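For reference, the structure is listed below as structure tokens.
The values are calculated or read from the model by the stated rules, or taken from the named source; none is laboratory data. Every value quoted in this text rests on a predicted model; they were computed, and no experiment measured them. Cβ coordinates were reconstructed from backbone atoms using ideal geometry, including for glycine residues, and neighbour counts include every protein chain displayed.
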Amino acid sequence: MTVLARRRFHDGCISLTALVAAGLAVPAQAADAEAGGDIIIVTSSRVNEQTPITSSIAATQPQSIVNRSVIENVVPATADFNDVILLTPGASQTTNGNGPGLSESKINLRGFKDGNYNMTIDGVPFGDTNDPTHHSTSYFPNGTYEQIVVDRGPGNASQLGQANFGGNINIYTRAVDKDFGGRAEASYGTYNTQLYRGTLQTGELGSSGIKAVLVGEHKKTDGALSHSPLVADNVFGKVVIPVGQGTLSVVASYNNNYFNQADNNGATLDQVARYGKGYALTSVDDPNFAANPYYQTRADWNFTRKRSDFEIVRLQVPLTDRFSIDNKAYTYFYKNYTVSASDSTTPGATQSASPLVGGKPTKIAGDIPGYIKLNQYRVYGDILQTRYDTGFGILTVGAWLEFSNTHRYRYDLDMSRSTFGDGVILSRVDNYDQKTTGQIGIDAAGNPVTGPLLELNGQPVPQNIQFDERSSWFQQQYFAQFDWKPLDGLTITPGIKHVDFTRNILSPIATQKARRGTDAEANFKKTLPFLTANYQVHGNWSLYAQYARGFLIPALSNLEVQTNAPLIPDPTTTTNYQVGTVYAADTVNVDFDAYLIKLSNTIVCTGPAGALCTNTGNPSTYKGVEGQVSFVPLAHFTLLANGSVNQSKDDVTGFRVPGAPTYTALAGALYNNGRFKLSYVHKFTGKQYAGANETQPVGAYSIGIASAEAGFGPVAVRVAVYNVFDDQSVTNISGGNQYFFNPGRSVQVTGVLRF
């Protein structure tokens, strides 16, 4: 941590302490926790008990509450949280096609890509430290969460994160039960997929009131793609301890993954024509290997090891009848160690590497270039929220402080001359093909300045190092909102949030874009207004409206080439307008909304190596209508439908935003009488474009998921079929020539023992 960062962290802690002190000086009354902190309890009705996806009549923005029943009874046992989120309106998904939960996936929400919306776990925002993107195979697998709430909007001022204009996906960890119990699961399916999971609820331990839930999981598969196995292990625990009238809870999750995958994966049309849609990697043991011109796709040359952990200590205490505090101290860690060939799309004979020959870099045609890549970070933070019941409304005041420390590097290899075994490098030969001169800054006119690429100590950057970068941030967010109830049934919530975010780069060797030693800092400040309203016309019908300003902190890469620049780009911003209604009767739950989002201050990086990053991108408009309905016509039987019609366009060119489908839709039916559980859901994703200016069209596609379970006392057997109709359509195109497809039909059989 730099001296400046330490000082700011110290000042922030003083501010947070002062905030606590100010709160303690005010008499208060404990209030129910809000959506950003706890599992939402929907108004009790038959439909809310039976259906897996609903909305609350207290909602102030479009919302989908996805319950544990979806996680256990609808999606396959191996599915990740994005497979669950996909079932909500406006959500579309991309994967590399290896199977449900068997590779990393991404969600687009209303056309906003991953990194343009927030994701939280028990109210704690998390994401990468170069930009706020997420990894679906890390931190929290299927058995660790109880509920997912998708808020399609910025939320109130108390909703925290770095990208609150694209929405908020809030994951809530497993609930603890007051009674002892548990379940053991074993699953086997297509692609030699295996899952073993144990869940233990301790119940209340004696008179202490302490209770806990523990989950352990082991998952492995050969994968739907060729030579693309995955092994994943997770241990999760949550303990809840009574503290006076409040609670102290501790959550911890530890995750390890190993898989074979090219770093820049996706098959070209030539590879698909030769080997089919399931082509990804090959093996020297494959009889077709000698005839495969793409031998840089060898599985032993392309592998990743990931390790992550997440810990939260949360104290919720009502201090008086009117005043309560909720404090979360947390830390999380992520390490991605990847070995990969540089270009899996190019025939090997056309590639070359430059090992040292006679002490000098010498280009050798036919040698395969590759690299070692590390992305490792640790994040520490604290979120304090105080709530005071004034008698005519609830005042919420809080703060979020967070510090990160990141190390990222990429060292080039000559794959042909290095040796590998069992996912490790046995002997390493470097590839010295990086340039010795290049961009070193930008002049006052914004033109690139070139020169020798030097470390901070004045030595040349080694030619086998693309970058070796260390960075950090310290961010502060302070917020206040007031839930004012001027009339019976009407709640108006104005709010304000101030963001102060400082990003630092201290890279003595080289950064990713500038490829030279850099010591730089950028500070971003923004004050954002929020206003929401909810009017409960009757006990089961409400109307809601929202106005909010959103923002997105610039990515680390926007600072990497700006050392000598006259300008650091400002955050991208949005103005959000939404209206909607929720009807929650005994047998039906309906949510319908319309939204308009104006996006501006878009960052565009131009010039050599993307040297000049400015807020000169075209503004764009996102608008649409969405709806979801759950209907219980008969006992134990639920009909489910939702959908959206979306339009996301560049205001200047009129072209659609890449990755934004024209519509989404879902239809399903579920039956659950306790012993027998049957479900079928079908998700449709409309046409979109993968490239700018409506190039590279991606046609509509769909996924059907069927599940059936029969219980016999404590034992149950479940069969889940993913992609029932075997739709293997294109779902995404990357880099102009790499195609991704829906994975083919797969079946998983799961045995469950409850106790």
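Just one of the listed residues (V721, V698, V730) is more than 25 Å from the chain's Cα centre (by Cα) and without any contact (Cβ under 8 Å) to a residue 60 or more places away in the chain, namely V721. Is there any pair with a first residue in segment 474-487 that is farther than 19 Å from G381 by Cβ and a second that is aromatic (F, W, Y) and buried (at least 18 other Cβ atoms within 10 Å of the Cβ) whose Cβ atoms are under 9 Å apart and which are 6 or more apart or on different chains, and what are they? These pairs meet every condition: Q481/F530. Number of residues in segment 239-280 that are without any contact (Cβ under 8 Å) to a residue 60 or more places away in the chain and in a loop (DSSP other than H, G, I, E, B): the value is 2. Please determine whether any residue of segment 708-720 is part of a strand (DSSP E or B) and out of contact with any strand residue (DSSP E or B) (no Cβ under 9 Å at 6 or more places or on another chain). Looking for residues that are part of a strand (DSSP E or B) and out of contact with any strand residue (DSSP E or B) (no Cβ under 9 Å at 6 or more places or on another chain), one finds at least one in segment 708-720, hence yes. Against the list (1) modelled with pLDDT under 95; (2) over 30 Å from L487 (Cβ atoms), the condition Y380 fails is (1).
Here is a yes/no grid of residues against (1) surrounded by 14 or more Cβ atoms within 10 Å (Cβ to Cβ); (2) over 28 Å from E217 (Cα atoms):
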site: G244; (1), (2): no, yes
site: T247; (1), (2): yes, no
site: V251; (1), (2): yes, no
site: Y254; (1), (2): yes, no
site: Y258; (1), (2): yes, no
site: T268; (1), (2): yes, yes
site: V272; (1), (2): yes, yes
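Looking only at residues in segment 92-123 that are of a type in the set (S, T, N, Q) and assigned to a strand (DSSP E or B), the one that is surrounded by the fewest Cβ atoms within 10 Å (Cβ to Cβ) is Q93. When Y739, Y680 are screened for being in a strand (DSSP E or B), at pLDDT 95 or above and over 18 Å from D83 (Cα atoms), only Y739 passes. Quick one: is F165 among the aromatic types (F, W, Y) and free of Cβ contacts under 8 Å to residues at least 60 places away in the same chain? The answer is no for F165.
Taking the criterion of being of a type in the set (A, V, I, L, M), within 27 Å of the chain's Cα centre (by Cα) and assigned to a strand (DSSP E or B), would at least one residue in segment 554-577 satisfy it? Within segment 554-577, not a single residue is of a type in the set (A, V, I, L, M), within 27 Å of the chain's Cα centre (by Cα) and assigned to a strand (DSSP E or B).
Restricted to segment 352-390, and to residues that are more than 19 Å from R410 (Cα to Cα) and of a type in the set (S, T, N, Q), which residue is surrounded by the most Cβ atoms within 10 Å (Cβ to Cβ)? Of everything passing the filter in segment 352-390, Q385 is surrounded by the most Cβ atoms within 10 Å (Cβ to Cβ).
Picking from residues in segment 318-330 that are in a strand (DSSP E or B) and of a type in the set (S, T, N, Q), the one that is nearest to Q463 (Cα to Cα) is N327.
Candidates are the residues of segment 704-730 that are under 18 Å from T685 (Cα atoms) and of a type in the set (D, E); the one that is surrounded by the fewest Cβ atoms within 10 Å (Cβ to Cβ) is D726. Taking (1) surrounded by fewer than 22 Cβ atoms within 10 Å (Cβ to Cβ); (2) at pLDDT 95 or above; (3) among the acidic types (D, E) in turn, D591 satisfies each apart from (1).
A residue that is polar (S, T, N, Q) and closer than 30 Å to S729 by Cα can be found somewhere in segment 239-260. Every condition in (1) closer than 13 Å to R516 by Cα; (2) out of contact with any Ser or Thr (no Cβ under 7 Å at 6 or more places or on another chain) holds for Q476 except the one numbered (1). Among the residues making up segment 439-461, those that are at pLDDT 90 or above and surrounded by fewer than 18 Cβ atoms within 10 Å (Cβ to Cβ) are P452, L454, L456, N457, G458, Q459, P460.
Among residues of segment 207-242 being touching a helix residue (DSSP H, G or I) at 6+ places or on another chain (Cβ under 9 Å) and farther than 30 Å from A79 by Cβ, the one that is surrounded by the most Cβ atoms within 10 Å (Cβ to Cβ) is I241. Summed over segment 368-423, residues that are closer than 30 Å to V499 by Cβ and in a strand (DSSP E or B) total 33.
Within segment 331-354, at least one residue is closer than 30 Å to F482 by Cα and assigned to a strand (DSSP E or B).
This table checks each residue for (1) part of a strand (DSSP E or B); (2) under 24 Å from the mean Cα position of the chain (by Cα); (3) farther than 24 Å from V749 by Cβ.
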site: G166; (1), (2), (3): no, yes, yes
site: Y172; (1), (2), (3): yes, yes, yes
site: G182; (1), (2), (3): yes, no, no
site: S187; (1), (2), (3): yes, no, no
site: Y191; (1), (2), (3): no, no, no
site: Q194; (1), (2), (3): yes, no, no
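Just one residue in the set I71, I39, I14 is modelled with pLDDT under 95 and buried (at least 20 other Cβ atoms within 10 Å of the Cβ); that residue is I71. Which condition number in (1) outside any loop (DSSP other than H, G, I, E, B); (2) of a type in the set (A, V, I, L, M, F, W, C); (3) surrounded by 17 or more Cβ atoms within 10 Å (Cβ to Cβ) is the one that L639 fails? Just one mismatch for L639, condition (3).
Of the residues making up segment 547-564, one or more are β-branched (V, I, T), under 30 Å from Q459 (Cα atoms) and either modelled with pLDDT under 90 or crowded, with 17+ Cβ neighbours inside 10 Å (or both).
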